[in-house]
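Following: one structure in C-alpha cells, then a few remarks.
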Amino acid sequence: MQLKKRIQDRPHLISRRVLLKRAGALGLLAAIQPLLPACARHRSLPMTPIGRQPSTLSGNLIDLVIGEQSFVLDGQTGTAMTINGTIPGPLIRLKEGQEVTLRVTNQLAESTSIHWHGILLPPKMDGVPGVSFGGIQPGATFTYRFPVKQSGTYWYHSHSGGQELQGMYAPMILDPVDPEPFQYEREYVVMLSDWSFESPDRLLSNLKMQGGYYNFQKRAAREFLGDVRRMGFWTALQDYLMWHQMRMDPTDFADVTGYTMTYLMNGLSPSENWTALFGSGERIRLRFINAASMTFYDVRIPGLTMVVVQADGQNVQPVTVEEFRFGPAETYDVIIEPTDQPYTIFAETIDRSGYARGTLAPRAGMSAEIPERRSRPLRTMEDMGMAYMKHSNGSGMTMPDTNPSSEMPSMEHGQHDVGTHDMASRSPDSQTVSMVPGSQPVKHGSDEHGTGNQTVAEYSWNRFEEPGRGLEHSPRRVLRYTDLKSLVPYPDQRAPEREIELHLTGHMERFMWSFDGKKYSEAKNLIAFRYGERVRFTFVNDTMMEHPLHLHGMWMHLENGAGTYLPRKHTVIVKPAERVSVAITADAPGRWAFHCHLLLHMEAGMFRVVEVSGYEP
C-alpha cells in the first residue's frame, strides 16, 4: 500500500445511534496523440477510420512494455504510465482453452505489476505485489503464463501504488469456444476511466487533511432556506446540525470529483468525443468496462434501450434497460439496435460533477445532443441505516426504540425523499419471505469497530431492489442487481456451510478505510477458507459511501433471489447501510487479494488477504 502518508490521526468515533439521539436533543484527451492508439488519433490522422478499436494483441506469446509518456489533455500537459505507449493499453484478445504467455517489461524507475482482473489463474500469476509475487522491478521482465479457462469481457491493470490512476489499464476479451447465445453484427469496447493531473500521492494527502477536500457541491444557504420553507425551521436546523455533528455532508458521493478529474471514454475527454460507426440495420455489442480509479458511472444512450447480456464477463438472461450504474472494475455487455441517426453514449458520474461522452453514428462527423445534466443527489437517513424509520405527525421521523413523540429530521430533500419508501415491508412482523439474505433488517451489534470507524449502520439490509441513490426517481428503466440471472444454473448448488461477516468501515474525516475497523496494516489474521467448502461471505456497509468489492481468484455468486440461477460476479457494489451476501466455492488454493476497488480506499487500508488452505492434490 504504497500511497500512505502518515498524518497524525485524532481518535474520533461517532455511533449513528448516539448521533441521531444527539441530533434530536440538539433539535484523455484533447491532444493526446503520443498516447492514444490509432483509433483515437483521428484529428491528426483523418484517414484512420473513426471508432476503430485499440490495437489488438493475440496469440500464445504477447509482449507488453510499461513506460512513461508525456501528453496533452484539453490543453494541459502531463505524464502518464502506459502499456505499450497508449491509454488505454492494447486490447488483448484470447480464446477460451488456449495457454497464453505474456512477457511484461518494466521501463519505469519504480516497481510495477499487471493484474488480470476477473481471470481465473494460478496465484503466482495474479499480479498482486506482496500477496502473489514481489512485483516487477525496474528494468526487469516478468513472464505470466496461464490457461484461459473462461470467456467474456475483462480488463487488466497495474496493482502497484497509484499506477492504475496514472494510465495503466486496458481491455481484455476472451472469445468462447461455443457459439454465444446472442447475435450481433459489430462490437465496440467502451472503456470508461478518470484522470487527474494531481498525483495519487497528492490526492490522498489532500483527502487526509480534509475528507471533503474535492467536494464543491455542499449545501449552501439558499438550499437551507428552501428546506426551512418545506420542513419548517426547527426540523431543517436539526438536519443541518446532525450532519455537522457527524463531520459529514449529505452531498458526499465521490471522494475525488470533477474538480480535479477528467472523465474519459476510450482515452478521450468529452470534448474529443470518441466516435463509433455502425451500418444500417446492424445490431451492436457494446462491451462497457469501468476502469476508473474512483468513479461510479450512470450510463445511458438517449433514444435507445440496451439489452444486458453479460455481467462481469458472464452470460445472463437478457434484460432490457435504459440505464445502468456500475462501479470501478465492473463490466456490462449490452446489445443495441440503432437506426440511421447519431446517438450520445452518456456516462454521468454518481455525484453529477462530470461525465464521459462518446457518439454512435452511421456516418463520420455526426454527433447527437448531450442530455441535460441532473442535479446532484443527497444522502438520507436510510443511508445511515435507519431501516425502521416512519413518518411521525407528517413532519419528522422516529425510531421504534425511541419515544414516538420525539421528532427527528425528515431528511427529505425535494426529489430525493426515499428514506421511507418501503419501510413497512421491512418490519420484523412482515410475513413476506425472501430468498435474498438480509432482506429483513438486522440490528447492528455492540461492536462499533474501534477508533478507526466513524459510524455504524443502526440496521443493515439488502438493497438490491433499489437502483441507487440519485436514480430512485428516474423515468427510465434502471438495471438492478435483482435483474441479473445466470443463463444456466450455476454448477455448485450446495448451500453454504458457514458464514463470514465482514463490516465495511471507515473514518471520513481522517480518510481511513478498513474492514471491521482495521486497516490492512493492522489486520493480523488472514480470512481463512477451507479448500472445497461452500461459504457465505456477508458484507455489511457501516459507511455512507458505495464500495465496489473485488475478490481475486474465485467467483462470487450474488445471492439476489435468482434461485438456481445466481449470477457470478468478480466485483460487487455494496450501498450504504446495505447487507450483501455472496456464495463462494473455495476452489482456488493459495492466497488472494480482497479489497475495495476504489483505488484510494484500498491504499488507505480497505484491503485483506483471503487464504484457501487444505488442498490435497
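The values are calculated or read from the model by the stated rules, or taken from the named source; none is laboratory data. Everything numeric here is computed off the predicted structure, so don't read it as measured data. FYI the Cβ positions are ideal-geometry reconstructions off the backbone, even for glycines, and counts take in every protein chain you see.
Data table
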{"quantity": "Counted residues, segment 273-294 - those being in contact with a helix residue (DSSP H, G or I) (Cβ under 8 Å, 6 or more places away or on another chain) and part of a loop (DSSP other than H, G, I, E, B)", "calculated": "2"}
{"quantity": "Every residue from segment 490-516 that is touching a Ser or Thr at 6+ places or on another chain (Cβ under 7 Å) and over 20 Å from VAL572 (Cα atoms)", "calculated": "GLN493"}
{"quantity": "Single condition GLN163 does not satisfy, out of (1) part of a loop (DSSP other than H, G, I, E, B); (2) modelled with pLDDT under 95; (3) not aliphatic (A, V, I, L, M)", "calculated": "(2)"}
{"quantity": "Filtered residue count, segment 122-152, keeping only those that are under 23 Å from the mean Cα position of the chain (by Cα) and closer than 30 Å to GLU187 by Cα", "calculated": "5"}
{"quantity": "Members of segment 72-83 found to be more than 16 Å from GLY161 (Cβ to Cβ) and either more than 27 Å from the chain's Cα centre (by Cα) or at pLDDT 95 or above (or both), listed by number", "calculated": "VAL72, GLY75, GLN76, THR77"}
{"quantity": "Complete set of residues in segment 116-153 that are part of a loop (DSSP other than H, G, I, E, B) and among the β-branched types (Val, Ile, Thr)", "calculated": "ILE119, VAL128, VAL131, VAL148"}
{"quantity": "Of residues in segment 512-536 being of a type in the set (D, E, K, R) and under 24 Å from the mean Cα position of the chain (by Cα), the one nearest to ALA588 (Cα to Cα)", "calculated": "ARG536"}
{"quantity": "Within segment 165-187, considering residues that are more than 21 Å from the chain's Cα centre (by Cα) and either among the acidic types (Asp, Glu) or surrounded by 20 or more Cβ atoms within 10 Å (Cβ to Cβ) (or both), the one nearest to MET606 (Cα to Cα)", "calculated": "LEU174"}
{"quantity": "Some residue of segment 512-530 being of a type in the set (Phe, Trp, Tyr), closer than 18 Å to ASP255 by Cβ, at pLDDT below 95 and crowded, with 24+ Cβ neighbours inside 10 Å", "calculated": "no"}
{"quantity": "Of residues in segment 84-111 being over 23 Å from PRO122 (Cβ atoms) and outside any loop (DSSP other than H, G, I, E, B), the one nearest to the chain's Cα centre (by Cα)", "calculated": "LEU91"}
{"quantity": "Residue match in segment 469-476 (condition: crowded, with 19+ Cβ neighbours inside 10 Å and within 29 Å of GLY605 (Cα to Cα))", "calculated": "yes"}
{"quantity": "Test: residue in segment 137-145 that is within 18 Å of TRP592 (Cα to Cα) and either buried (at least 23 other Cβ atoms within 10 Å of the Cβ) or out of contact with any His (no Cβ under 7 Å at 6 or more places or on another chain) (or both)", "calculated": "yes"}
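One line per residue, one yes/no per condition, for (1) out of contact with any His (no Cβ under 6 Å at 6 or more places or on another chain); (2) modelled with pLDDT of 95 or more; (3) part of a strand (DSSP E or B); (4) polar (S, T, N, Q):
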site: PHE537; (1), (2), (3), (4): yes, yes, yes, no
site: MET545; (1), (2), (3), (4): yes, no, no, no
site: MET554; (1), (2), (3), (4): yes, yes, no, no
site: VAL572; (1), (2), (3), (4): yes, yes, yes, no
site: ARG579; (1), (2), (3), (4): yes, yes, yes, no
site: ALA583; (1), (2), (3), (4): no, yes, yes, no
site: ALA593; (1), (2), (3), (4): no, yes, yes, no
